[in-house]
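> Submitted below is the structure of interest, expressed as structure tokens.
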Amino acid sequence: TLLEQAARRIQTDLNQQPSVRARLLVTIGRSYRRMGQPDRAVPYLIDALRLQESLQAEASHIGSVLMELATAQREAAMYEESDQTFARALAVVQDVQSTNPQAYAQLLSDLGRLEMIRNDIEQAENHFLAALELMKETHGSDDPEVGAILIELSSVYVWRGDLESAERTARAAVQTFATTPETYPDRVIAERELAEILLYRNRLEQAGPLFERALSALRFIYGEDNAVVAETLGSLAQLRSAQGNFSSAERLLREALAIHEKGESTISHEIGFLQTVLGSTILKQHRYAEAEPLLRDTLDLFSASLPSDHQYVASAEYYLGESLLGQGKLFDAEAVLTASMNRWKRTDAPAWRVARSKNALGEVLYRQGRIVEAEQALVSTFQALAA
């Protein structure tokens, strides 16, 4: 309510000092983006950028606004505009490099986050590593700013499938927050990141208490109806599913999706991710026909909000293929699983993800009576998954 009042006032009150007005516009835009409404954020960030440029603000300030704007445009599926803003941000970052190391480190970290959204994992890693070294030089190894970058870097390693490095980095991040309050936001996020990695490594008993504690803390910090809470509910749902408690997982996922709906969230890739996990949970309960329309809707969401060769797309295709296979729609299942397998390959995903889609494809081929092709697919994927 306060944000909407401020947004209305700043559009009509032109007597405000330009520098103050610019800062307020950035805050309003950033707040709307973090609330999951990037389409509302973009106009305020554009106005802020114009004002800062007219005031000849410091390069680091302009660079920060450009990063925020590029991210909001990306989340609002404004790809061409986002790429143009991103290119401008890169140029500004180079100007900051020699004049302000701390600001440069922060901009590099912002660049890394933006590259993650753009699905360029290698570039994201390079930016985070460079930011990490700079931040250590200026703040020391145990500073919370260092911890924030370590959280991002651990996420990169998860995407790469390097869970050992991810866990080591997440634990280092948690350690940097040892002296902060238990409800310090980044500390809670670091613990949640560690819990997710433990889940992926099948150490469920260790992950469970961390997830529960993180969820409780995030609800205390942000309230019940927040996108960060929704994300954590989705993570806890994956744990419940791994424990075989599918009804609990489904309830948590529907609660998370309801938060996005109530908040009028337009971050399609986050909603689509939750829907993909919900679809997989429904499949585990053998409700194949019910999962199909949900997963098709998810792919439509992704087509409007993500690059075509994105791991989220390949994952949704895999589960849709399983849904079609479960219903005996073998021709459609073959097409979808082949697309998933090839998309995994193009995104440089971990080998087990490619093998999982190819394994399901092998079952489709078997049911079609194509025994030789099926055997080749199943034997090769068994070996890959076992490894």
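> Could you please put MET35, MET78 in sequence from largest to smallest accessible area, using a 1.4 Å probe?
So the residues, ranked largest to smallest area, are MET35, MET78.
> Follow-up question, since we're still on this one. Within straight cross-link reach of LYS358, meaning Cα distance under 29 Å, which lysines are found once same-chain residues fewer than 8 apart are removed?
Here the lysines satisfying the reach criterion relative to LYS358 are LYS284, LYS329, LYS345.
> OK, next. Across the chain, what fraction of all alpha-carbon pairs, as a whole percent, falls in each successive 20 Å bin from zero upward?
For the chain, the binned pair fractions read 25, 57, 17, 1 percent.
> For segment 341-364 and segment 20-81, what is the separation of their C-alpha centers, rounded to whole Å?
38 Å
> Would you please classify the overall shape of segment 1-104 from the alpha carbon gyration tensor, given that a ≥ b ≥ c denote the square roots of the eigenvalues, rounded means a/c under 1.5, and beyond that prolate means a/b larger than b/c while oblate covers the rest?
oblate
> So which aspartates and glutamates can LYS262 reach, going by Cα to Cα under 15 Å and dropping same-chain residues fewer than 8 places off?
Correct list for LYS262: GLU224, ASP225, GLU231, GLU270.
> First measure r as the distance between the Cβ atoms of PHE220 and ALA87, then evaluate 1/(1 + (r/R0)^6) with R0 = 25 Å and state the FRET efficiency to the nearest 0.05.
The pair PHE220/ALA87 has a calculated efficiency of 0.05.
> Given the rule -39500 (n - 2.57) for each run of at least 4 DSSP H residues, summed and divided by the residues of the chain, what is its mean residue ellipticity at 222 nm, to the nearest 500 deg cm²/dmol?
About -27500 deg cm²/dmol.
> Could you pull the accessible area for SER165 with a 1.4 Å probe, rounded to 10 Å²?
20 Å²
> Follow-up. Can you check what the net charge comes to around SER280, using other residues whose Cβ is under 13 Å from the Cβ of SER280 (Lys, Arg +1; Asp, Glu -1)?
So the surrounding residues net to -1.
> Okay, moving on. For segment 116-201, just say rounded, prolate or oblate: build the C-alpha gyration tensor, square-root its eigenvalues into a ≥ b ≥ c, call rounded for a/c under 1.5, and beyond that prolate if a/b exceeds b/c, oblate if not.
Oblate.
> Turning to a different aspect of this structure: Given a Förster radius of 25 Å and the C-beta distance between GLU58 and GLN16 as r, what FRET efficiency does 1/(1 + (r/R0)^6) yield to the nearest 0.05?
Computed FRET efficiency for GLU58 and GLN16: 0.80.
> Another question, then. Counting Lys +1, Arg +1, Asp -1, Glu -1, what net charge surrounds VAL188 among other residues with beta carbon under 11 Å of its beta carbon?
Within the 11 Å Cβ shell, the charges total 0.
> Oh, and also: Which net charge results when you count Lys and Arg as +1 and Asp and Glu as -1 among the other residues whose beta-carbon is under 10 Å from that of ALA377?
Summing Lys and Arg as +1 and Asp and Glu as -1 gives -1.
> Rounded, prolate or oblate: which fits segment 252-387 when a ≥ b ≥ c are the square roots of the eigenvalues of the alpha-carbon gyration tensor, with rounded for a/c under 1.5 and prolate only if a/b beats b/c?
The shape class here is prolate.
The values are calculated or read from the model by the stated rules, or taken from the named source; none is laboratory data. The structure displayed is predicted, hence computed values, not measured ones. Note that we place each Cβ from the backbone using ideal geometry, even for glycine, and neighbour counts take in every protein chain shown. What goes into the accessible areas is simple: the full protein's heavy atoms, side chains included, and nothing from ligands, DNA or RNA. Shrake-Rupley method; radii C 1.70, N 1.55, O 1.52, S 1.80 Å.
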